[in-house]
1. Sorted by accessible area with a 1.4 angstrom probe, largest first, how do Ile284, Ile113 fall?
2. Please give me the summed charge of the neighbours of Ala357: other residues whose Cβ is under 9 Å from its Cβ, Lys and Arg +1, Asp and Glu -1.
3. If one computes the Cα centroid of region 190-225 and of region 279-312, what distance in Å separates the two points?
4. Can you compute the label reach from Ile113? Point 7 Å from Cα along the Cβ direction, backbone N cut-off under 18 Å, restricted to region 127-156.
5. What is the extension gain from Thr336 to Asp217, computed as 0.36 nm multiplied by their sequence separation minus the C-alpha to C-alpha distance, in nm to one decimal?
6. Roll a 1.4 Å probe over the protein heavy atoms and report the accessible area of Thr334 in Å², nearest 10.
7. Using a 1.4 angstrom probe on the protein heavy atoms only, could you order Thr336, Thr298, Thr127 from most to least accessible area?
8. Count charges around Lys193 for me, please; just the other residues with Cβ under 12 Å from its Cβ, Lys/Arg as +1, Asp/Glu as -1.
Amino acid sequence: MKNLKFINFNSKKKTSEFVYLFGDRVTGTIGRTFISCILVLIFFYSVPIVINFVDEDILTGEYKNNSRKIMVYKLDGKSLDNKEKNNEDIEVFNEKDLLSDILTLNNIDNDSIRLSASTIRQLFEDTNYSLNDVRKNKLVKPVALSWLPHEIKKIENIKKRKELFLQIVLPLILEENNKIRLDRIKLFTIIKKSQNSIVEKKWLNEKYKQYGVNSKDLSTLKIRMDEIPTSLALAQAAKETGWGTSRFALEGNALFGQWTWSGEGLKPKESDSSEGHKVMKFNILQASVRAYQRNLNTHKSYKDFRTARAELRSEGKELDSIILSEYLDKYAETGTKYVEILKKIIEQNNLKDFDDAKLLPSSKKLESLI
């Protein structure tokens, strides 16, 4: 701490000052004792102040919520710089391996036209896709849109705006959960075998890298390779985008408000220029959902979330979004208030109705999941 200066009490100048203040007593035992007591009091009074100053500095650093960086790995394919590598809060993995499938998905040339809200509504009507039907029959049409409609923020009827947002995002979340579920089925098949084939070992190595399991521990991979409850993902997407009306969602397909300190992203208007963070931008909505799931399944900030999810699994219980939301206080700067908001969104909008919904298969491989 370069700003602290130490006083040399052995100097003649300081001794004369103390003699002036306390008289000849400083040369006697009582005087020396008196001065010692004052120095001790000053020491114990100063230490808490210094400690509080340091703690406040640390807390301020944590409050910026580094967990939204998606482990500070960037979707521009660049390596971490020295400053980032020296940060103790960063888990060092190979970003190319960890985000390979997200990079591939995000780099797909997207020439699709952004559909208007009215066109999307008509599309849903033509395919008989409605939330009321989903709540009843638990089947969702595999409609994958690349963009949210710009007009969604102009829909004054809140109920209709929410409904359109959920219809767009729901299939995307179910699609990603299906991919994880198929991988999980394959993982358990491999675990049960006494010997694995070369192809199976190669697949395992890919998944170790994808989920950041450097130890190649099967139990760790099993805990990380798991679904995010649909209702929880929907609630977070709704909260982070204002039900699809935020600039980040409309301009950058950012459904979950994840941060990046470099690479392509959108600069928050209200952010301090010294912070330097951006909201991560995606080419298609699907990439945003996958990156969000990978974030919760690998970042150390959500270790307790994954542990709680594994405990529900071991007890044979369904993944409960209300219970698991308790472990997402580190996702936002508001902490526990953020958790309470998520719970209200889930309960007030009956989002748990979609937890057991199934995506209609687009291939024979997916038919087994229905």
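1. Working: Ile284 25, Ile113 135 Å².
Putting Ile284, Ile113 in descending order of accessible area: Ile113, Ile284.
2. On the way: positive: Arg135, Lys138, Lys358; negative: Asp353, Asp355, Asp356.
Combined, the nearby Lys, Arg, Asp and Glu give 0.
3. Here the two parts' Cα centres lie 19 Å apart.
4. 144-152
5. On the way: separation 119, 0.36 × 119 = 42.84 nm, distance 3.22 nm.
Answer, rounded to one decimal: 39.6 nm.
6. 80
7. Details: Thr336 100, Thr298 0, Thr127 50 Å².
Putting Thr336, Thr298, Thr127 in descending order of accessible area: Thr336, Thr127, Thr298.
8. Numbers: positive: Lys186, Lys192, Lys201; negative: Glu200.
My count for the surroundings of Lys193 gives +2.
The values are calculated or read from the model by the stated rules, or taken from the named source; none is laboratory data. All figures in this text were calculated on a predicted structure; none of them were measured in a lab. For neighbour counting, all protein chains shown are included, and Cβ atoms are generated from backbone atoms with ideal geometry for every residue, glycine included. We work out accessible area using only protein heavy atoms, side chains counted, and drop any ligands, DNA or RNA first. Shrake-Rupley method; radii C 1.70, N 1.55, O 1.52, S 1.80 Å.
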